[in-house]
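Visitor: The following block contains the structure, expressed as structure tokens.
The values are calculated or read from the model by the stated rules, or taken from the named source; none is laboratory data. Remember, predicted model here, so these are calculated numbers, not experimental data. Cβ: placed from backbone, ideal geometry, glycine included. Neighbour counts: every protein chain shown.
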Amino acid sequence: MKTATIPPIRVAPEFRIEVEGVLEQGESLSQFVESAVRQTVLKRKHQAEFLHRGITAIEETKRVGGGIAAEVVVAKLEAKLAAARRTQSQHHR
């Protein structure tokens, strides 16, 4: 398979020195940049998949009904937080 290139980028000389300073033994700047690009691509794919799954789940919940209203969840969390604060303040007396 034939390879392709990623466009070169211009950076401040200080940043290039910083990047070169974190290269591992035997690692080239090109290898580092390729690795960083691959990691970012994977991260963005995972984020897109996560968002898609979340939107699908929301749509399914709306379609079939059910779920728990946000106000109910928030009220329960606030009650737990208040109870934890009361417990904590009693221990610090």
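Visitor: For the stretch 19-42, which positions are surrounded by 12 or more Cβ atoms within 10 Å (Cβ to Cβ) and in contact (Cβ under 8 Å) with a residue 24 or more places away in the chain?
Guide: Val33, Glu34
Visitor: Checking Ala48 against (1) within 23 Å of the chain's Cα centre (by Cα); (2) at pLDDT below 95, only one condition comes out false. Which one?
Guide: (2)
Visitor: Identify, by number, the condition in (1) of a type in the set (Val, Ile, Thr); (2) modelled with pLDDT of 95 or more; (3) not in a helix (DSSP H, G or I) that Ile6 doesn't meet.
Guide: (2)
Visitor: Let me confirm something: among Val64, Val73, which residue is aliphatic (A, V, I, L, M) and modelled with pLDDT of 95 or more?
Guide: None of the other options fit; the residue is Val73.
Visitor: Pairs, please: C-beta under 6 Å, at least 6 apart or cross-chain, first residue without any contact (Cβ under 8 Å) to a residue 12 or more places away in the chain and at positive phi and in the stretch 52-71, second in a helix (DSSP H, G or I) and of a type in the set (Ser, Thr, Tyr)?
Guide: Final answer for the pair search is Gly67/Thr61.
Visitor: Go through the stretch 54-79 and count every residue that is outside any loop (DSSP other than H, G, I, E, B) and loosely packed, with under 10 Cβ neighbours inside 10 Å.
Guide: Going through the stretch 54-79 one residue at a time, the tally reaches 4.
Visitor: For the stretch 2-18, how many residues are of a type in the set (D, E, K, R) and surrounded by 10 or more Cβ atoms within 10 Å (Cβ to Cβ)?
Guide: Here the count works out to 2.
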